[in-house]
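First up is the structure itself, then whatever we jot down about it.
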Amino acid sequence: MTSSRQLPTRTPTRPAPGAAFLFVLSTAACIAGLIATYYFFVQTTTGQFIDESALVEAVEIHGPAGKAATKFLDWLPTISLVMAAVVVLFVTVIRRHWAEAGIAVAACISANVATQVLKDLLPPRPDKGVLTLELNSLPSGHTTLAASAAAAVFLMASPRWRPMAGFIGGSFAIASGVSTLINQWHRPADVVAAFLLVGAFMIPAGWLILRRGSWNEWDGFGEHVGSARIWLTLPVLIGLASAGVAVYSLIRIAPSPWQETSTTNYFWAGISLIVIAGYLATVATTSLFAFAARRRDAPRR
């Protein structure tokens, strides 16, 4: 007499109560932020001046930094695609999460297509009295590629690895955005717009993945190296330091008896804007997905 064994099946774990509203709110915030970024930095004189000044002043440090940035940007598409492909394929094959991989890849591709469509559809920069190129460059394609690849890795990571994946991926996306500014390929607003556009696509994709409940449980922060609180603390500290740099740079050129002529102040303020926006998105997204994941000791619905 033979007996057949069946492997135990795991009951899908639904996202935490209230998570749906936060995901909708976060997506709406990304879209609103994208519109506001375009309006202020493209349609207003003040925004154009700040954005263009940061781009122009980048030439002051375009020596060794520019060469390093150029090499990084040349390798960026390859690094992004390989990074995303390796992680997504690994998780897909090992855990058999085929549908989740399809969602993450589709969102990644959609974000990059939307970037190119926006570049073509948005009108030239209006003449606001600021000496600038009229060609629209918002959002940054290189930054979108890096951020969407990092986001795909984040979505495919298990909850206990997501905080670390978020910090590393966010740092990678920020480095790509900073490099485009140093290389004078893009203005700071182009980079920030890319972050927001990626969020508008990847956050809903994340919700669809979480809804499948394939792997949506963890032990909380601090219970694993990938979920250590340092991965949230570091971006907060770096963001605060960048805010200090931005304030200091702008105070030095603000109207006052001690006002000085800017040579790199707007550039450093632009770098700070990229870093603050990137790590703010990192902390917010990591916290959002951490809230949506269910604790192993929590009662299931």
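Quick notes
- Cα shape, segment 102-256, gyration tensor, a/c 1.5 rule: oblate
- Distance between the pseudo-spin-label points of TRP98 and LEU81 (7 Å out from Cα toward the beta carbon): 2.5 nm.
- Probe 1.4 Å - accessible area at HIS142, Å² to nearest ten: 50 Å²
- Taking GluC sites (Glu not before Pro) in DSSP loop conformation with at most 11 other Cβ atoms inside 10 Å as exposed sites, the chain has its longest uninterrupted site-free stretch at 1-133.
- Looking at segment 182-280, the trypsin sites (Lys or Arg not before Pro) that sit in a DSSP loop and have at most 16 other Cβ atoms within 10 Å of their own Cβ are ARG229.
- From phi via Karplus (6.51, -1.76, 1.60), per-residue ³J(HN,Hα) for segment 17-29 in Hz, x at Gly/Pro: x, x, 5, 4, 4, 5, 5, 5, 4, 5, 5, 4, 5
- Distance between modelled label sites at LEU89 and THR233, nm, 7 Å Cα→Cβ extension: 3.7 nm
- Counting Lys and Arg as +1 and Asp and Glu as -1 over every other residue whose Cβ lies under 14 Å from the Cβ of VAL91, the net charge comes to +4.
- Measuring nothing but protein heavy atoms, the accessible surface of the chain at 1.4 Å probe radius is 68 percent carbon and sulfur.
- Solvent exposure of the chain amounts to 51 Å² per residue of accessible area, where only protein heavy atoms count and the probe is 1.4 Å.
- Calculated P(r) tail over 21 Å for segment 37-175, as whole % of Cα pairs: 54 percent
- Calculated translational diffusion coefficient of segment 170-223 (20 °C, 1.002 mPa s; Stokes-Einstein with Kirkwood radius over alpha-carbon pairs) equals 158 µm²/s.
- With distances taken between every two different alpha-carbon atoms, the chain has a Kirkwood hydrodynamic radius of 20.4 Å.
The values are calculated or read from the model by the stated rules, or taken from the named source; none is laboratory data. Because the structure is predicted, anything quoted here is derived from the model rather than measured. Neighbour counts run over all protein chains shown; Cβ positions are idealised from the backbone, glycine included. When the accessible area is computed, the model is the full protein with side chains, heavy atoms only, and any ligands, DNA or RNA have been set aside. Shrake-Rupley method; radii C 1.70, N 1.55, O 1.52, S 1.80 Å.
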